[in-house]
Amino acid sequence: MRYLPKSDAERREMLGACGLASADELFEQVPPDLRLNRPLALAPGISEYEIADYFKMLAQKNANGYASFLGAGVYNHYRPVVVDTIVSRGEFLTSYTPYQSEISQGTLQAIFEFQTMICQLTGMDVANASMYDGSTAVPEAAMMAVRITRKHRILVARSMHPEYREVLRTYARDQSLPVEEFGYDAESGQIELADLERKLDDQTACVILQSPNFFGVVEDTGAVADLARAKGALTVYTFAEAVSLGILEPPRDADIVAGELQSFAIPPSYGGPFAGILATREKYMRQLPGRLVGETTDVNGHRAFCLTLATREQHIRREKATSNICTNQALVALMATVFMELYGKQGLRELAIQNLSKAHYLGAKLERRFSGPYFNEFVAQGNGAPVADVNRKLLERKIIGGLPLREWYPELGNAALVCATEMTKRADMDTLAEVFEA
Amino acid sequence: MTQNARQHLTRNEELIFERSSPGKNGYQLPELDVPEIDPARALGEERVRGGIEGFPEVSEVEVIRHFTRLSTWNYAIDLGLYPLGSCTMKYNPRINEAVARYDGLAWAHPYQPQELSQGAMEVIARLEDALCEISGLDAITLQPAAGAHGELTGILLVRAFHQARGNPRKHILVPDSAHGTNPATAGIAGYEVRNLKSNDQGMIDLEELAHAVNEDTAALMVTNPNTLGVFEENIAKAADILHAKGAMVYMDGANMNALVGIARPGDFGVDVMHINLHKTFSTPHGGGGPGGGPVAVRSHLAPYLPIPRLRRAGDKLEWSSDFPESIGRVRAFYGNFGVLVRALAYILAHGGPDLRNATVDAVLNANYIRHRLRPYFDLPYDRPNMHEVVFSDARQAAKGVRTGEIAKRLIDYGYHPYTVSFPLIVHGALMIEPTETESKLELDGFIDAMIAIAHEVENEPQTVLKAPHRTRVSRVDEVTAARRPVVRWTPEANIAPQTTAADLVGAANVQRPE
């Protein structure tokens, strides 16, 4: 086996050094009746060429060569080649969590830069080293708000990603944290402030909103935060489309920001791995879950970085930890770090404007369900044929259409969520509009 | 000093913000093929930001050099043995990286039509089948994003099972040798944690267990082999004790690399377990993620698995959420799919026979280390081990040198340290897991380095106490880092808030497997 670097002679020599006659003796501590007394029912190993061939075949069974108008939390953005060049370096790819700071300075400094840029992007003071993804960052933010406020009720916008809401409910259920939803305005698609105000009470730990929300509509975070603050609740701002922060005001009124960085050079990869972020104000730093890298010096006075404030974490506090989380998504966060440094101050803004421009070109051609301001996706209202029929017609033209919303939002009826990014071509948008309006 | 490590030049490299100057960039976008929209008009002036304050402005070549220089400051499996106990740092085959990047897989959107996702769904189906066969369990979810996430999922399944029988029960038993994530998980799932004392062999104490289990026990969380690297020979009896009271056995699969092809948790009484794809199935650790934490269960827990679940409909695969008793989603979409691709490629490369052979080599390597190092280091539980071995620093401590210092000295010899001060039941632990992908030559080099350090402790302890001597930075001030946390760069001098004494507890250089 090509990954097993020993000859049989070496194995025999090593067994001999252990005083053993055969490899079977290595397992004498496993009671015979608990052993597997047959080979695993898995085919024998195959060559590298056959592995490549098999996965090529699988890749071809998936959509190939289609233009896509899907967004809904996973966006098609160009990935600069430099990103994979860097994350493929064995020193990043095959290293462990940087506990041993003397031989992990590369990963540590990269994470420190990541934390800094997430703060700059979100307007927060402190960001951790990343979370699994956006959907799991949200319940961690909610649990953080519960710890800070010592209240238990969680209010979440119905216009937040439906799958994020489902994950939040799974996490909250067994911690006796009631989760309640507030609605959106049927005309603008923005949060219905009156509904939020009605549902806010002095037992509310936090109000969670997404902006741009699941419908692509940009929210007014300030108005939400004002209502929350009046009742002593924290405001948790979530985003799924990180490129929007290249042009949108950062959520300065929020107390916690939980979001998804997939848009920053992380491949869609059928939904993961992605990288989530969690950022907050300085006064809440010690309630942040997850890894945190800090700057310090070494014995010779050189700048150095290390993991810090570990007393929040499971390996020190055990059942009293802020979270059971132990890793971040280091390599995926590194993709986002490289992306942010390549695009930088100008590039992210330009990229955001291109997304805005493409989506608004398309938006002008379709009937939009909501009137609120939108970034790079919107709800298109189908007037004629059901969305499923429209999408079937589009598939014939090698186009994957918008996401039907009826399953999650029956009240929206025959509507689809449509996204355009810098990768979307004008000709495909024209085709989409033509089929949609036919 | 052996020949395994010599010094070489590495370049200094500032933070990227310190290399930035206005007007530089590392990107170029294509010409817009639609009219450019004015953001202030489209979004409203008050919603539009200026430039992102502080964001770097650098060119492409500077980005490449920046990260290449940083990378040379890291240790990695690609450079050598990485003997972190319970972390299973094995070789990461590069074909796995290549196939995960194939367009049809890397660019698959989770909401693209299912008839255009059959290839991705087959990856999931085939990995599910393989992991069920390997674990001896009946059903599985691949949705959890990491080991700790899998633990949470598994305990939520246990809770749902008990809840469906009218009582979620109150506590979870966790042996004192367990990983820190176990008690943390139990807490988040709404359970009280009860610690279970190990017997004098570091194993589950059946009497203690029988005494602790009652109708309020939801589950035992057990690691097998345990964190001493020893197979829990009474695991089946322990399972009987729990099952007799209606409680479940949860297995932390961190040490599954010792069992693949040898014994199956489903065959020794385990009801639910998580599997760390980034350990046993060699998906790269990547400096701390991404991972993958599938959860496999016996059939009585299957109705509660997260949705959606994959099922066969004729010759097609389809996603179904029609499982009314499910605990719901634990993550958006279908989990860390890219990690699943790599794990499946690993399994296909080995196949059944070589998966078992890999286990044999992993166990052989760990026993070889035990035999070669036992004349020099104390073995608190001196018995045959599986895939890892735990020494203590008892002999060296007599000379004033502790496990953390021996670990730092190991760096000078060109090796990553073992796991320090874990498991907690061994005072001054040195926890060593070599994995199967180390040659005899590499193992001998490591062993020689450990022996050389043992001699240094006897003859020149100061050399060990002040290590490492040959790294870019040495003895990083972690106490100040925690007392005055500087967790982001700012152009001005950093003014950090004072910290409390509680923050300093555990700030010493302690590492834990995950």
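Data for the structure
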| item | result |
| --- | --- |
| Members of region A:151-177 found to be open to solvent by 10 Å² or more (accessible area, probe 1.4 Å) and more than 14 Å from chain B (Cβ to nearest Cβ), listed by number | A:LYS151, A:ARG153, A:ARG158 |
| Subset of region A:379-415 (residues that are under 24 Å from B:PRO35 (Cα atoms) and crowded, with 23+ Cβ neighbours inside 10 Å) | A:VAL379, A:ALA380, A:GLY401, A:GLY402 |
| Residue match in region A:112-127 (condition: outside any helix (DSSP H, G or I) and surrounded by fewer than 21 Cβ atoms within 10 Å (Cβ to Cβ)) | yes |
| Residue match in region B:102-111 (condition: crowded, with 18+ Cβ neighbours inside 10 Å, free of Cβ contacts under 8 Å to residues at least 12 places away in the same chain and not in a loop (DSSP other than H, G, I, E, B)) | no |
| Subset of region A:16-36 that is facing another protein chain (nearest Cβ under 7 Å) and part of a helix (DSSP H, G or I) - its residue that is surrounded by the fewest Cβ atoms within 10 Å (Cβ to Cβ) | A:ALA17 |
| Within region A:176-244, strands (runs of 3 or more DSSP E) holding 1 or more residues that are touching a residue at least 60 places away in the same chain (Cβ under 8 Å) and hydroxyl-bearing (Ser, Thr, Tyr) | A:234-239 |
| Hey, A:GLY16 under 38 Å from the mean Cα position of the chain (by Cα) and not hydrophobic (A, V, I, L, M, F, W, C) or not | no |
| Residue ID - surrounded by the most Cβ atoms within 10 Å (Cβ to Cβ), chosen from residues in region B:390-414 that are of a type in the set (Gly, Ala, Ser) and assigned to a loop (DSSP other than H, G, I, E, B) | B:GLY414 |
| Among the residues listed as B:TYR381, B:TYR368, B:TYR376, the single one being within 13 Å of chain A (Cβ to nearest Cβ), assigned to a loop (DSSP other than H, G, I, E, B) and more than 23 Å from the chain's Cα centre (by Cα) | B:TYR381 |
| Sole exception among (1) away from chain A (no Cβ under 11 Å); (2) assigned to a helix (DSSP H, G or I); (3) out of contact with any Leu (no Cβ under 6 Å at 6 or more places or on another chain) for B:ALA343, by number | (3) |
| Which numbered condition B:GLU318 fails, given (1) under 18 Å from A:GLY271 (Cα atoms); (2) modelled with pLDDT of 95 or more; (3) under 22 Å from the mean Cα position of the chain (by Cα) | (3) |
| So A:SER130, is it within 30 Å of B:MET89 (Cα to Cα), surrounded by 24 or more Cβ atoms within 10 Å (Cβ to Cβ) and at the interface with chain B (Cβ under 8 Å from one of its Cβ atoms) | yes |
| Condition met for B:PRO308 (more than 24 Å from A:LEU40 (Cβ to Cβ) and open to solvent by less than 40 Å² (accessible area, probe 1.4 Å)) | yes |
| All positions within region B:171-197 that are assigned to a loop (DSSP other than H, G, I, E, B) and within 14 Å of A:SER176 (Cα to Cα) | B:ALA189, B:GLY190, B:TYR191 |
| Single residue of A:THR308, A:THR337, A:THR296 found to be of a type in the set (S, T, N, Q) and touching a Leu at 6+ places or on another chain (Cβ under 7 Å) | A:THR308 |
| Neighbours by Cβ (under 7 Å, 6+ apart or cross-chain): first from region A:114-142, free of Cβ contacts under 8 Å to residues at least 40 places away in the same chain; second open to solvent by less than 10 Å² (accessible area, probe 1.4 Å) | A:GLN120/B:ILE52; A:GLN120/B:PHE55; A:PRO139/A:VAL167; A:PRO139/A:LEU168; A:PRO139/A:ALA172 |
| Residues within region B:242-251 that are part of a helix (DSSP H, G or I) and buried (at least 23 other Cβ atoms within 10 Å of the Cβ), tallied | 1 |
| Failed criterion for B:GLN3 (all others in (1) surrounded by fewer than 12 Cβ atoms within 10 Å (Cβ to Cβ); (2) at pLDDT 95 or above; (3) within 30 Å of B:ARG370 (Cβ to Cβ) hold) | (2) |
| From the options B:GLY286, B:GLY269, residue that is assigned to a loop (DSSP other than H, G, I, E, B), open to solvent by less than 10 Å² (accessible area, probe 1.4 Å), modelled with pLDDT of 95 or more and within 11 Å of another protein chain (Cβ to nearest Cβ) | B:GLY286 |
| Residues (surrounded by 24 or more Cβ atoms within 10 Å (Cβ to Cβ) and charged (D, E, K, R)) located in region A:320-344 | A:GLU341 |
| Positions within region B:34-43 being facing chain A (nearest Cβ under 7 Å) and open to solvent by 20 Å² or more (accessible area, probe 1.4 Å), in sequence order | B:PRO35, B:GLU36, B:ILE37, B:ALA42 |
| Candidates B:ALA160, B:ALA120, B:ALA148, B:ALA130 - the one that is open to solvent by 10 Å² or more (accessible area, probe 1.4 Å), in contact (Cβ under 8 Å) with a residue 60 or more places away in the chain and either touching a helix residue (DSSP H, G or I) at 6+ places or on another chain (Cβ under 7 Å) or farther than 24 Å from B:PRO353 by Cβ (or both) | B:ALA160 |
| Selection from region A:37-79 of residues that are within 7 Å of chain B (Cβ to nearest Cβ), crowded, with 20+ Cβ neighbours inside 10 Å and in a loop (DSSP other than H, G, I, E, B) | A:LEU40, A:LEU42, A:GLY45, A:ALA63, A:LEU70, A:ALA72, A:GLY73, A:VAL74 |
| All positions within region B:63-90 that are in contact (Cβ under 8 Å) with a residue 12 or more places away in the chain, within 7 Å of chain A (Cβ to nearest Cβ), in a loop (DSSP other than H, G, I, E, B) and in contact with a Phe, Trp or Tyr (Cβ under 8 Å, 6 or more places away or on another chain) | B:TYR75, B:ILE77, B:TYR82, B:CYS87, B:MET89 |
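Residue-by-condition table, conditions (1) under 30 Å from B:PRO30 (Cβ atoms); (2) among the hydrophobic types (A, V, I, L, M, F, W, C); (3) assigned by TED's automatic domain parsing to the domain that holds A:PHE239:
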| position | (1), (2), (3) |
| --- | --- |
| A:PRO273 | yes, no, yes |
| A:LEU288 | no, yes, yes |
| A:GLU295 | no, no, yes |
| A:VAL299 | no, yes, yes |
| A:GLN329 | yes, no, yes |
| A:ALA333 | yes, yes, yes |
| A:GLU350 | yes, no, no |
| A:ILE353 | yes, yes, no |
| A:ALA359 | yes, yes, no |
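Matching residues to (1) within 19 Å of A:PHE112 (Cβ to Cβ); (2) under 26 Å from the mean Cα position of the chain (by Cα); (3) among the charged types (D, E, K, R):
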site: A:VAL293; (1), (2), (3): yes, yes, no
site: A:ALA333; (1), (2), (3): yes, yes, no
site: A:GLU341; (1), (2), (3): yes, yes, yes
site: A:ASN355; (1), (2), (3): no, yes, no
site: A:GLU367; (1), (2), (3): no, no, yes
site: A:ALA380; (1), (2), (3): no, yes, no
site: A:GLY384; (1), (2), (3): no, no, no
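The values are calculated or read from the model by the stated rules, or taken from the named source; none is laboratory data. Just so it is clear, the model here is predicted, and its values are computed rather than measured. No Cβ is skipped: glycine too gets one built from the backbone with ideal geometry, and neighbour counts run over all protein chains shown. When the accessible area is computed, the model is the full protein with side chains, heavy atoms only, and any ligands, DNA or RNA have been set aside. Shrake-Rupley method; radii C 1.70, N 1.55, O 1.52, S 1.80 Å.
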